[in-house]
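A short write-up of the structure that comes next.
The values are calculated or read from the model by the stated rules, or taken from the named source; none is laboratory data. Everything numeric here is computed off the predicted structure, so don't read it as measured data. Note that each Cβ is placed from the backbone with ideal geometry, even for glycine, and that neighbours are counted across all protein chains shown. When the accessible area is computed, the model is the full protein with side chains, heavy atoms only, and any ligands, DNA or RNA have been set aside. Shrake-Rupley method; radii C 1.70, N 1.55, O 1.52, S 1.80 Å.
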Amino acid sequence: APYLDLWPNNAAENSNPYSQFKLAQNQRLPVIYVGANDGMLHAFNALNGEEIFSYIPSKVFNKLNQLTSPSYQHRF
């Protein structure tokens with residue numbers, strides 16, 4: 001993206017220019033994050049599609065067993 005590398009008027013952001021941040025992130029694994037209808041946040045390796053992890057918020061965890069109920073109705 002065409003972000004400014006240095007901001008005008010000696011902005012605090014100039015202590016770490018965008019070009020340095022971009023270079024530091026260059027070798028990160030590309031990941032796709034998906035919020036699913038099961039209450040989980042899933043992370044997938046964008047190169048091969050393998051799931052890296054899924055995260056279950058603590059507020060959802062105690063309700064996961066209800067997902068397998070034949071009478072389950074979605075709760076927002």
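Given the chain, what whole percent of its Cα pairs are spread farther than 16 Å?
Summing the P(r) of the chain above 16 Å gives 68 percent of all pairs.
In whole percent, and with a 1.4 Å probe on the protein chains, what portion of the accessible area of the range 24-71 is carbon and sulfur?
56 percent
Counting each DSSP H run of 4 or more residues in the chain as -39500 (n - 2.57), what helix-only mean residue ellipticity at 222 nm follows after dividing by all residues, to the nearest 500 deg cm²/dmol? Before the final figure, lay out the partial values.
On the way: 2 runs with 12 residues, N = 76.
Calculated from helices alone, the mean residue ellipticity at 222 nm is -3500 deg cm²/dmol.
Probe radius 1.4 Å, ligands and nucleic acids left out: which of TYR18, TYR3 has the largest accessible area, and how do the rest follow?
If we order TYR18, TYR3 from most to least accessible, we get TYR3, TYR18.
Evaluate the charge dipole of the chain about its Cα centre and quote only its size in Debye, nearest 20, assuming +1 on the Cβ of each Lys and Arg and -1 on the Cβ of each Asp and Glu.
On the way: 5 positive and 5 negative charges, 55 e Å.
Dipole about the Cα centre, nearest 20: 260 debye.
Sorting PHE44, PHE76 by accessible area (1.4 Å probe), largest first, what list results? Please list the in-between numbers first.
Values: PHE44 60, PHE76 230 Å².
Accessible-area ranking of PHE44, PHE76, largest first: PHE76, PHE44.
Taking amide H positions as placed 1.01 Å from N in the peptide plane, with prolines and chain starts having none, which residues 5 or more places from MET40, or on another chain, fall under 5 Å of its amide H?
When sequence neighbours closer than 5 places are left aside, there are no close amide H contacts.
Karplus couplings for the range 43-51 from phi (6.51 cos²θ - 1.76 cosθ + 1.60, θ = phi - 60°), rounded to Hz, Gly and Pro as x?
Result, rounded to whole Hz: 10, 10, 5, 6, 8, 10, x, 6, 6.
Using 0.36 nm times the number of residues separating LEU4 and GLN66, minus their current alpha carbon distance, what extension gain do you get?
17.4 nm
Heavy-atom accessible area per residue, the chain, 1.4 Å probe: how many Å²?
Accessible area per residue, the chain: 88 Å².
If I ignore ligands, DNA and RNA and count only protein heavy atoms, how much of LYS22 is accessible to a 1.4 Å probe, in Å² to the nearest 10?
Roll a 1.4 Å probe over it and LYS22 shows about 120 Å².
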